[in-house]
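Participant: There's a structure below that I have some questions on.
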């Protein structure tokens, strides 16, 4: 057992296609972000019809308040 850190290329967080591809390729299991960014990622995944990630299971959300709508969006994506 071990862990690796996956870093995005400069401004990689602005390219959701790149971000999602990297998350899948590297089997990322932990994601740290602000809630609004996670909501944008989830919206992208739903709109692009990308099936839920089996490895991405832990989120560290901080910096802003986690509103109920983001939690519902996350739950919808993972429970469908």
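Throughout, read-outs are computed from the coordinates displayed, never taken from laboratory work. No experiment lies behind these values; they were computed from the predicted model shown. Note that we place each Cβ from the backbone using ideal geometry, even for glycine, and neighbour counts take in every protein chain shown.
Participant: Can you tell me the length gained on complete extension of the stretch residue 52 to residue 9, counting 0.36 nm per residue apart and subtracting the Cα distance?
Facilitator: Working it through step by step, the gained length comes to 13.1 nm.
Participant: Also: Kindly express, to the nearest 10 degrees and within the range 0 to 90, the angle between helix 68-79's C-alpha long axis and the longest C-alpha principal axis of the chain.
Facilitator: 60 degrees
Participant: Hey, another quick one. Below 8 Å between Cα atoms, with a sequence gap of 6+, how large is the relative contact order for the chain in percent?
Facilitator: Normalised by residue count, the contact order of the chain is 33 percent.
Participant: I'd like the orientation of helix 16-25 relative to the chain: the angle between its Cα long axis and the longest Cα principal axis, in ° from 0 to 90, rounded to 10.
Facilitator: 60 degrees
Participant: What number, rounded to the nearest 500 deg cm²/dmol, is the helix-based mean residue ellipticity at 222 nm of the chain, given -39500 (n - 2.57) per DSSP H run of at least four residues and division by all its residues?
Facilitator: It comes out at -13500 deg cm²/dmol, rounded to the nearest 500.
Participant: Okay, moving on. Take every Cα-Cα distance within the range 12-79, group them into 10 Å bins from 0 onward, and report for each bin the whole-number percent of pairs it holds.
Facilitator: Percent of pairs per bin, in order: 20, 61, 19.
Participant: Going by average Cβ density within 10 Å per residue, which order do the peptides 8-14, 71-77, 60-66 take, highest to lowest?
Facilitator: Peptide ranking by packing, descending: 71-77, 60-66, 8-14.
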